[in-house]
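All of the numbers you see were taken from the coordinates with simple rules; none came from a lab. Since the model is a prediction, treat every value here as computed from it, not as a measurement. Cβ atoms come from the backbone with ideal geometry, glycine included; neighbour counts cover every protein chain shown.
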Amino acid sequence: MSGTSTAQQRWELENNIVEVQGGTSGIFSALESDSIFKYDQVQQSAIQAQRPWTKDPHYFKHVRISALALLKMAMHCRSGGNIEVMGMMQGKTVEDTFFVLDTFPLPVEGTETRVNAQAEAYEYMVEFVQTSKQVGRMENVVGWYHSHPGYGCWMSGIDCSTQMLNQQYQEPFLAIVIDPIRTVAAGKVEIGAFRTYPEGYKPPDEPASEYQTIPLNKIEDFGVHAKQYYSLDISYFKSSYDSSLLALLWHKYWVNTLSSSPLIGNREFVAGQISDLADKLEQAEASLAYAGRGGGFFVPADRKRKEDSLLTKITHDASNTATDQLKNIASQVIKDLLFNYRPTLGHLPEVEPMQL
């Protein structure tokens, strides 16, 4: 088996990509292998007429993304480097589930902190969808994706405003965020899928989501808008329709991955993480010092819990940074052993027994 195939299999395993076959049980039990890619206009029109999401703001709960669409999004987001990029997703909805079958990038100008689509981008999107329909691809646009290079998968204030606007006029609509820098560091696509609540809606208290590292300069934006949207469960699939295209696209992805070193490519990101950890430690130290000056015996219990929680999060962030670096070092060692020829390794010199 070639290195390319092995790497692809490992990538599919890391991201838990399920191969859909006829008679598959579980989440795809109602759909046969390649029927996922068939677009039923009557069914989709009926969903639009019923509009069940207007009765339940939490109606959509799941997102199923094809492996091909996932790889295309990951490659596009990675190509932007530290600049945010944006694209659109094509697919359909079945009951409370979005099916993302394909994606395409948008020609937008982004910065390191935001990306906005201008009139040219919307014209491009309309033309792309119309051309797709002319060649038999009837799927509609079901959402947008963009990158958060190095600061996690969540919705900023601008993201929430954009998504709310889209949900008002283009329902059903989904937002996906990908962190390409953490994807390279971890080897698994760092991704989140979100929908916003209607304006004025007060969501019920939800259980705490999986912890993720948020840079200190983003924490305020993250916290202010955290109650304006909710996350959807994500899973991935592939079938015989997209396997060949996935193999062709993977070759390009594999070559780029093989020729790059995460230790070099992510050095600015790692330096930023260490600097952010130092800032968080200074903040925690100042908080503890203030509590000490006020008298340790009179520190409220809720404040002490908050300080302990802050230190726990800093420890968690430091552990994640160290783990990612160890993975990157191990990856480089394996590449070095596999692709750098050393004839002396196979012929180690014989050691004479020690004379007593």
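Mind listing the long-range amide H neighbours of Asn140? Cut-off is under 5 Å, sequence gap 5 or more, other chains count too, H placed in the peptide plane at 1.01 Å from N.
HN-HN under 5 Å from Asn140: Gly91.
Too long at a 24 Å Cα-Cα cut-off: which of Lys92/Lys227; Lys38/Lys188; Lys227/Lys313?
From the list (Lys92/Lys227; Lys38/Lys188; Lys227/Lys313), the Cα-Cα distance tops 24 Å for Lys92/Lys227; Lys38/Lys188.
Could you tell me the center-to-center distance, by alpha carbons, between region 125-149 and region 181-198 in angstrom?
Comparing the Cα centres of region 125-149 and region 181-198, I get a distance of 20 Å.
Quick one: which residues, 5 or more positions from Tyr229 or on another chain, have an amide H under 5 Å from its amide H? H modelled 1.01 Å from N in the peptide plane, none for Pro or chain starts.
Tyr197
Got a sec to turn the phi values of region 138-148 into Karplus ³J(HN,Hα) couplings, 6.51 cos²θ - 1.76 cosθ + 1.60 with θ = phi - 60°, whole Hz, x for Gly and Pro?
Using θ = phi - 60°, the values come out as 8, 5, 8, 6, 10, x, 10, 10, 8, 9, 10 Hz.
Going by average Cβ neighbours within 10 Å, how do the peptides 93-101, 10-18, 142-150 rank, with the highest at the top?
The packing order, highest mean first, is 142-150, 93-101, 10-18.
Assuming R0 = 25 Å, what is the FRET efficiency of Val135 and Asp96, from their Cβ-Cβ distance, to the nearest 0.05?
Once rounded, the FRET efficiency stands at 0.25.
Sequence-distant or interchain residues sharing an amide H contact under 5 Å with Ile83, placed H: which?
none
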